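K.L.:
To start, I am sharing the structure in question, which I have written as structure tokens.
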Amino acid sequence: MTITITEAAAKHVRNYLDNRGSGVGIRLGVRTSGCSGMAYVLEFADASEADDQIFEQHGVKVLVDPKSLLYLDGTELDYTREGLNEGFKFNNPNVKDACGCGESFNV
Amino acid sequence: MALLQLSEPGQSAAPHQHRLAVGIDLGTTNSLVATVRSGKAVTLADSEGEHLLPSVVHYAEDGVVVGRKAWAHSASDPMNTIISVKRLIGRGLSDIKSLGSSLPYNFQDAEAVVPRIKTVRGAVSPIEVSSEILKVLVKRAEESLGGELEGIVITVPAYFDDAQRQATKDAATIAGLKVLRLLNEPTAAAVAYGLDSKADGVHAIYDLGGGTFDISILRLNRGVFEVLSTGGDSALGGDDLDHAVAEWIMQQAGISRDADHSMLRRLLQIACAAKEALSETDHVQIDVSLADGTTWQGDLSRDQFNTLVDPLIRKTLAPCRRALRDAGLSTEDIEDVVMVGGSTRVPRVRELVGEFFKADPLVTIDPDRVVAIGAAIQADILVGNKPDSEMLLLDVNPLSLGIETMGGLVEKIIPRNTTIPVARAQEFTTFKDGQTAMAVHVLQGERELVTDNRSLARFELRGIPPMVAGAARIRVTFSVDADGLLSVEAEEQSSGVKASVEVKPSYGLTDGEIESMLKESIDHAQDDMEARKLREQQVEAERVIEALKAALADDGSELLNTEERDRVESALSNLAATINSDSHAKIKAAVESLEKSCEFYVERRMNASVRRAMSGHSVDDFE
């Protein structure tokens, strides 16, 4: 089981963590909600939980709870620009179909 | 797929329910939009990478354009190109006219409350012009954030009055936006520097823009910001520094003052560029191609530049001193000085301001963007992306609010510099027997007489049950909300009848006018006190006359013989004759003499009414 983070995404995460002034890393996850079943969670993490899997890459710790990891295995977290919009993007190989905007998905 | 941002732990939004919010600095010259992205406040750029949007709107046959493209039309089509609309918003035409002849627009219908500017696309109000600017910024924000905005925070100058604040809110409403809060510009700047999370203290916000200067003294008290005082100069800014440099060039290069317009404009551009370059280097070379085809070359050192602009910068220190005095503080009390406005990039400005406040000014955030950034942080909190935050911002009302009482006097209900939101109530009563209605006249200003203050609104409370004069209890409540908007309610306590008014845009005041109103109130303090004494005495005399006349009509013939009645009536006409005297002492004497000559009559009336009340009852009934 693995999660990766691109250099670009890591750079932004480090920047945001610095700006925030606290936090051990970021938390990736999924939860049930949204129009197509599942939705992503992307948050600052102040502490890791006992069950968390921790992936460290480019100086960033990525925390994932074991349940979410089932849906996220193989995911790459990237940071991209689309027109004026910019932000983080989950490249998740497990996704079978997603709602129009991709904010919620099914596996 | 949609692009995501980092949330605070536990605050991840459900899909399609991101709480997107932005802060907008709706400026006189330039406007900006900012948001909090993954916990960091940033200003948003347009597709060309420009953050500043010139606050210029051009109306053409085929559409409306805003920003740099509109600015390009300012010379060729000035009538349809609206610049500096912020100076017009929430103002009446008479106020606008007093701003001077620098406004080329054709105003429609001189009588209208809200002036409208004639353009090729019809007449537009300043509110509509502002809403065009907001629409462009919001469109940029929605494209940048990938979704619809939940709400916005717009910043306004601390001295904006009710009408100007309401007009700004209306502009957002027309653009289809939800205004979470109007925020004072200096408060936003303080928030951007995180002064709200520091220990309690007093901070000065020094804002030197292109054409205006504002100083605000803020106090942070247990996490709450209060604006203690404001001041400024509405006709002093970076443009004046450019003028000083341009004049120096003209002198050095021997260019006459009556050079043509395009030459002067070019000189100002060169001067501005030289000023900006001198923020980075110690010397700048200036080349000016003259009308005769030759080129003048000069060298401007930073020292020389400082000598040129020193008097202008020092002019900003007088309002600083006044604002401190208003707040009852001295420079030693100031902890931080926040620099706002592009002109604060000039090193000499930082130097002199630092010297004055004896503190190193805060300059790490781009002074053009700092206000928008603070607004974005506030917006992010207000939509609930940072639920633990307890930041609550307090502002003050710039001028006292009150109502007219008998004799054309003003009773102040909310004194100036009271922190808002605030609600204050006061009880009033009727003046005449059987009075069933009362006019409530809402006023703003510091003077004692109605005629010297500014009228904000009038309304009537009707349906007061008939009672003797002075028996009715009418509670008048003034509330000013967090945006500085005023509502006034009057309620008769026994019957519960009420009437209220919300102060809508009528016309506004400039900070210069506010300052002159304050100054007048100080200059005329003695006159005002005399005038108040006189009016109060006149009102008292009128009340006595009214009461005595009513009594005479009631039982005068019963209780008085002709000679006594003549005596009372002559004292009465003596008072009626003195009532218009300009000496309150004279009127007071006449009232006293009338009361004296009527003492026996009052006594008889009292006895008569006791007799009436007791007749037919035994003494036991009264125990």
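The values are calculated or read from the model by the stated rules, or taken from the named source; none is laboratory data. Quantities reported herein were computed from a predicted structural model and do not represent experimental measurements. Quick reminder, even Gly has a Cβ in these numbers, built from the backbone with ideal geometry, and neighbours come from all protein chains shown.
K.L.:
Kindly indicate the residue of segment B:25-40 that is out of contact with any Lys or Arg (no Cβ under 8 Å at 6 or more places or on another chain), closer than 24 Å to B:PHE160 by Cβ and surrounded by fewer than 24 Cβ atoms within 10 Å (Cβ to Cβ) and also farthest from the other protein chains (Cβ to nearest Cβ) among those meeting that condition.
P.N.:
Ranking the qualifying residues of segment B:25-40, first place goes to B:THR29.
K.L.:
Between a residue in segment A:80-101 that is more than 8 Å from every other protein chain (Cβ to nearest Cβ) and any residue that is modelled with pLDDT of 85 or more and part of a strand (DSSP E or B), which pairs come within a Cβ distance under 8 Å, given they are 6 or more apart or on different chains?
P.N.:
Cβ pairs passing all conditions: A:ASN91/A:GLU76; A:ASN91/A:LEU77; A:ASN91/A:ASP78.
K.L.:
Is there a residue being in contact (Cβ under 8 Å) with a residue 40 or more places away in the chain, assigned to a helix (DSSP H, G or I), of a type outside the set (S, T, N, Q) and surrounded by fewer than 16 Cβ atoms within 10 Å (Cβ to Cβ) anywhere in segment B:269-276? Full working, then the answer.
P.N.:
First, pick out the residues of segment B:269-276 that are in contact (Cβ under 8 Å) with a residue 40 or more places away in the chain: B:275-276.
Now drop any that are not assigned to a helix (DSSP H, G or I), which leaves B:275-276.
Next, only the ones that are of a type outside the set (S, T, N, Q) stay: B:275-276.
Retained after the next criterion (residues that are surrounded by fewer than 16 Cβ atoms within 10 Å (Cβ to Cβ)): B:276.
Yes - at least one qualifying residue is present in segment B:269-276.
K.L.:
Right, something else. Can you tell me which of (1) over 17 Å from B:PRO9 (Cα atoms); (2) within 12 Å of the chain's Cα centre (by Cα); (3) away from every other protein chain (no Cβ under 12 Å) is the one A:ASP65 doesn't meet?
P.N.:
The failed condition is (1).
K.L.:
Here's a follow-up. Can you tell me which residues in segment B:60-95 are farther than 22 Å from B:LYS169 by Cα and crowded, with 22+ Cβ neighbours inside 10 Å?
P.N.:
Passing the criteria: B:ALA70, B:ASN80, B:THR81.
K.L.:
Starting from segment B:210-222, keep only residues that are under 26 Å from B:GLY342 (Cβ atoms) and assigned by the TED database to the domain that holds B:GLY27, then list their pairs with residues that are modelled with pLDDT under 85 and among the aromatic types (Phe, Trp, Tyr) whose Cβ atoms are within a distance under 7 Å, requiring at least 6 positions of separation or different chains.
P.N.:
Between residues of segment B:210-222 that are under 26 Å from B:GLY342 (Cβ atoms) and assigned by the TED database to the domain that holds B:GLY27 and residues that are modelled with pLDDT under 85 and among the aromatic types (Phe, Trp, Tyr), the close pairs are B:LEU218/B:PHE225.
K.L.:
With respect to B:ARG543, is the statement that it is touching a Leu at 6+ places or on another chain (Cβ under 8 Å), in contact (Cβ under 8 Å) with a residue 60 or more places away in the chain and part of a helix (DSSP H, G or I) true? Even if it seems obvious, please write down each step before you answer.
P.N.:
Values: touching a Leu at 6+ places or on another chain (Cβ under 8 Å): no; in contact (Cβ under 8 Å) with a residue 60 or more places away in the chain: yes; part of a helix (DSSP H, G or I): yes.
Spelling it out, it is not the case that B:ARG543 is touching a Leu at 6+ places or on another chain (Cβ under 8 Å), in contact (Cβ under 8 Å) with a residue 60 or more places away in the chain and part of a helix (DSSP H, G or I).
K.L.:
Checking the condition in a helix (DSSP H, G or I) and either modelled with pLDDT of 90 or more or more than 14 Å from chain A (Cβ to nearest Cβ) (or both), which residue from B:VAL153, B:VAL114, B:VAL202, B:VAL138 passes?
P.N.:
B:VAL138
K.L.:
Turning to a different aspect of this structure: Would you confirm, using the coordinates I've provided, whether B:THR168 is closer than 26 Å to B:PHE213 by Cα, modelled with pLDDT of 80 or more and of a type in the set (Ser, Thr, Tyr)? Working first, answer last.
P.N.:
On the way: closer than 26 Å to B:PHE213 by Cα: yes; modelled with pLDDT of 80 or more: yes; of a type in the set (Ser, Thr, Tyr): yes.
In short, yes.
K.L.:
I've got another one for you. Counting only residues that are among the hydrophobic types (A, V, I, L, M, F, W, C) and exposed (fewer than 14 other Cβ atoms within 10 Å of the Cβ), which one in segment B:285-299 is farthest from B:LEU267 (Cα to Cα)?
P.N.:
Going through the qualifying residues, I end up with B:ALA291.
K.L.:
Can you confirm whether B:ASP207 is at pLDDT 90 or above, acidic (Asp, Glu) and within 31 Å of the chain's Cα centre (by Cα)?
P.N.:
Spelling it out, B:ASP207 is indeed at pLDDT 90 or above, acidic (Asp, Glu) and within 31 Å of the chain's Cα centre (by Cα).
K.L.:
For segment B:312-324, name all the residues that are in a helix (DSSP H, G or I) and either surrounded by 13 or more Cβ atoms within 10 Å (Cβ to Cβ) or touching a residue at least 40 places away in the same chain (Cβ under 8 Å) (or both).
P.N.:
B:LEU312, B:ILE313, B:LYS315, B:LEU317, B:PRO319, B:CYS320, B:ARG321, B:ARG322, B:ALA323, B:LEU324
K.L.:
Suppose the filter is in contact with a Pro (Cβ under 6 Å, 6 or more places away or on another chain) and not hydrophobic (A, V, I, L, M, F, W, C); does A:ASP97 pass it?
P.N.:
Judged against the criteria, A:ASP97 is not a match.
K.L.:
Residues of segment B:546-577 being among the charged types (D, E, K, R) and free of Cβ contacts under 8 Å to residues at least 60 places away in the same chain, which ones? Please lay out each step first, then the result.
P.N.:
Quick first cut of segment B:546-577, residues among the charged types (D, E, K, R) only: B:546, B:549, B:554-555, B:558, B:563-567, B:569.
Answer for segment B:546-577, where residues must be among the charged types (D, E, K, R) and free of Cβ contacts under 8 Å to residues at least 60 places away in the same chain: B:LYS549, B:ASP554, B:ASP555, B:GLU558, B:GLU563, B:GLU564, B:ARG565, B:ASP566, B:ARG567, B:GLU569.
K.L.:
Within segment A:1-79, considering only strands (runs of 3 or more DSSP E) that don't extend past its boundaries, which have at least 3 residues that are free of Cβ contacts under 8 Å to residues at least 40 places away in the same chain?
P.N.:
Result: A:25-32, A:38-45.
K.L.:
Also: Hey, any hits in segment B:67-84 for a residue that's more than 23 Å from B:VAL179 (Cβ to Cβ), part of a strand (DSSP E or B) and more than 14 Å from every other protein chain (Cβ to nearest Cβ)?
P.N.:
The initial filter retains those residues of segment B:67-84 that are more than 23 Å from B:VAL179 (Cβ to Cβ), namely B:68-81, B:83.
Next, only the ones that are part of a strand (DSSP E or B) stay: B:81, B:83.
Of the ones still in play, those that are also more than 14 Å from every other protein chain (Cβ to nearest Cβ) are B:81, B:83.
Looking through segment B:67-84, at least one residue is more than 23 Å from B:VAL179 (Cβ to Cβ), part of a strand (DSSP E or B) and more than 14 Å from every other protein chain (Cβ to nearest Cβ).
K.L.:
May I ask you to list the residues in segment A:1-23 that are surrounded by 15 or more Cβ atoms within 10 Å (Cβ to Cβ) and at the interface with chain B (Cβ under 9 Å from one of its Cβ atoms)?
P.N.:
Correct list: A:HIS12, A:VAL13, A:TYR16, A:LEU17, A:ARG20, A:GLY23.
K.L.:
If you check B:SER343 against the conditions, is it farther than 30 Å from B:THR418 by Cβ and in contact (Cβ under 8 Å) with a residue 40 or more places away in the chain? Lay out the reasoning, then the answer.
P.N.:
Details: farther than 30 Å from B:THR418 by Cβ: yes; in contact (Cβ under 8 Å) with a residue 40 or more places away in the chain: yes.
So B:SER343 passes the test.
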